[in-house]
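The values are calculated or read from the model by the stated rules, or taken from the named source; none is laboratory data. Note that this is a predicted model, so its numbers are computed, not measured. Cβ coordinates were reconstructed from backbone atoms using ideal geometry, including for glycine residues, and neighbour counts include every protein chain displayed. With ligands, DNA and RNA removed, areas are computed over all heavy atoms of the protein, side chains included. Shrake-Rupley method; radii C 1.70, N 1.55, O 1.52, S 1.80 Å.
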Amino acid sequence: MQKQCFFLWISWFVFITVAQAQPGTKQGNEPVQKEYQQTLYQVSGRADLVIDKPNVTLYLETLYNTNGVYASIIEQTRWNIRPGFDWGLTEKWHVGASARINANNGGIYNYTTRIYIQHRGKISSLLFLKEFLYEQFNYVDNTLSNTSPGGTSTTRRPAEGRICIGLGLGRYIGVGQHDFGVFLSYRPYIQFDYVQDGVAFYKNRFIDYTNLRIDAGFLFSKVCYVGLYACRDTNFSYVPAADPYKRNAITPSAGFVLNVLLFSNNLAEKSTANFSYFYTK
């Protein structure tokens, strides 16, 4: 049964990877233009409070782009801060939510709310994550420009949302009293506008955004994780009036992370199951 599930998920992974570059409607044979953005170097800190009963983890995470602003169709981020929680309903089924404040160099740009349900299983010694998540972006004032014969005015950009079915594979390798962990994840998103104002960024592409990420680092004594990561964000756009009108904007990034786990009681046997960083990225 596990082998069949694994085959189905890998088949889905390959299908999505191929489909993500495909148009939704009338694009002819024009090639897709890949535009590589500036590589971003990031630092991230995180603290987790692990509560044994019920199986809940509360966390607070921050991220800073040291050399520029991450900019895409949907967000602008020089730094962000994100509180969240992860609740283990059973050993394998988890739900969670987080709220992220995104700021560019001019101040807060938008707020991102995420909710998810995950199945965290294993295939032999491999961690195997399957998830469904939803994100909503709510914007602040002066994030949308309107030009008319009377001049240019600014308003609040309408909220936007996106859904994702994600996949992750990872493994822990014991190194003395510690653990070395590596985790690979892939998340394709379908984005949509809540307000139909005649500006539709997303209707002509099936997949609008993808994130491919790998994390690797040491989990010291189950209470402190130090790691590195690399990811590739791809935003897909289709603008018929543009040249080229099929464009994939790719932003590579690399970062350093420090995660400290605090426990609500003195558990004699702390385990890697308490470590939720890989699953909540």
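Modelled spin labels at ALA254 and ASN55, positioned 7 Å past Cα toward Cβ, are 3.6 nm from each other.
Remark: spin-label model distance GLU269-VAL182 equals 2.8 nm, labels positioned 7 Å along the Cα→Cβ axis.
Cross-link reach is defined here as a Cα-Cα straight distance under 12 Å, omitting same-chain residues fewer than 8 places apart; for LYS203 the aspartates and glutamates meeting it are ASP193. Scanning residues 5 or more positions from LEU40 or on other chains, those with amide H under 5 Å from its amide H are SER253, ALA254, with H placed 1.01 Å from N in the peptide plane. Within straight-line reach of LYS53, meaning a Cα separation under 19 Å, sit the following aspartates and glutamates at least 8 residues removed in sequence or on another chain: ASP86, GLU91, GLU269. Per-residue surface analysis assigns GLU35 an accessible area of about 70 Å², computed on protein heavy atoms at 1.4 Å probe radius. Using a Förster distance of 51 angstrom, determine the FRET efficiency expected from the C-beta separation of THR154 and CYS224, and round it to 0.05. Step by step, r from the Cβ atoms, then E = 0.70.
Expressed in nm to one decimal, what extension gain is obtained for the pair THR62 and GLN37 from 0.36 nm per residue of sequence separation less their Cα-Cα distance?
Details: separation 25, 0.36 × 25 = 9.00 nm, distance 2.25 nm.
Taking 0.36 nm per residue and subtracting the Cα distance, the gain is 6.7 nm.
Entry comment: accessible area of the stretch 48-109 is 48 Å² per residue, from protein heavy atoms only and a probe of 1.4 Å.
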